[in-house]
Amino acid sequence: MAQYARRGIHGQTVETIARRILTGEIAAGATLNLVALQEEFDVSLTALREALKVLSAKGIVDARQKRGTFVRPRADWNLLDGDVIRWQFAEGTDQRLLDQLHEVRAIIEPAAARLAATRATDGDLAALDQALTEMAEADGDPAAATAADLAFHRALLAATHNELLERMEVVMETGLAERDRLVHGGTAHDDPVPSHRAVVDALRGRDETAAETAMRELLNKAVRDVEKARGRRGSQ
């Protein structure tokens, strides 16, 4: 599902209500006071209901006659939705979620690299090479480094030529971006190019085992980088 466009009072209303629910400020099972929310956000009831439709589509809220609009159980939420992941990071790094996203990546990306070793086209390899170039040229710019890293992992999934794996970019990109902001926001970090280049070299050599191994090593390095970033923040 495409990420929600965060624009105007409509977008602010959606995001504020979503964050309150995802942080537990509004508990699962609670019935929303639409009149109070309408007054708080200074919007029409129609506009408020349009905002709630966005959350309904993500499994977060529902409406029933006599009961009104209420928060659904967490088990019903679309936790793989990019917006839902992003909203959970909105108030700061959610370490539990970051760890869970790493576990998902550790399951998916090594296997994706193995598959890409047999399917990557010249165009796929060119896209990965371009991401490496942008990574090298980021030169300490956190935004550029994050964008290059996202481009690399997006290109890797695309190189599998498996539509379902390609869709996993929505799940991983938000967590990956949060991880990159944590790591690249520090004053110093290891050069990410060699570990990423090892994956590309294995793909170019059509070596499935080497590609999978290189991706596992890259992900292990990602965990170490996060731990270093935590240590830097903890010492400040």
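Seen against the Cα atoms of the chain and their longest principal axis, helix 45-57 is set at about 40 degrees. Once the chain from ASP191 to GLU163 is taken as fully extended at 0.36 nm per residue, the excess over their C-alpha distance is 7.0 nm. Here the range 1-156 is treated with +1 on each Lys and Arg Cβ and -1 on each Asp and Glu Cβ, and its dipole about the Cα centre works out to around 1040 debye.
Which angle from 0 to 90°, rounded to the nearest 10, does the C-alpha axis of helix 193-204 make with the longest principal axis of the chain? In the chain, helix 193-204 runs at an angle near 70 degrees to the longest axis.
Taking label points 7 Å from Cα along the Cα-to-Cβ direction, THR46 and ALA136 give a separation of 5.7 nm.
Sort 51-61, 27-37 by the packing proxy (mean of other Cβ within 10 Å over each peptide's residues), most packed first.
For the peptides 51-61, 27-37, the packing ranking is 51-61, 27-37.
Taking label positions 7 Å along the Cα-Cβ direction at both ASP76 and ARG216, the computed distance is 4.1 nm, reported to one decimal. Cα axis of helix 8-22 to longest principal axis of the chain: angle in degrees, 0 to 90, nearest 10? Value to nearest ten degrees: 80. For the chain, the solvent-accessible area with a 1.4 angstrom probe is 51 square angstrom per residue.
The values are calculated or read from the model by the stated rules, or taken from the named source; none is laboratory data. Bear in mind that the values here come from a model prediction, so they are computed numbers and not experimental data. When we count neighbours, we look across all protein chains shown, and the Cβ atoms used for this are built from the backbone with ideal geometry, even at glycine. Areas reflect the complete protein model, heavy atoms only, side chains present, ligands, DNA and RNA absent. Shrake-Rupley method; radii C 1.70, N 1.55, O 1.52, S 1.80 Å.
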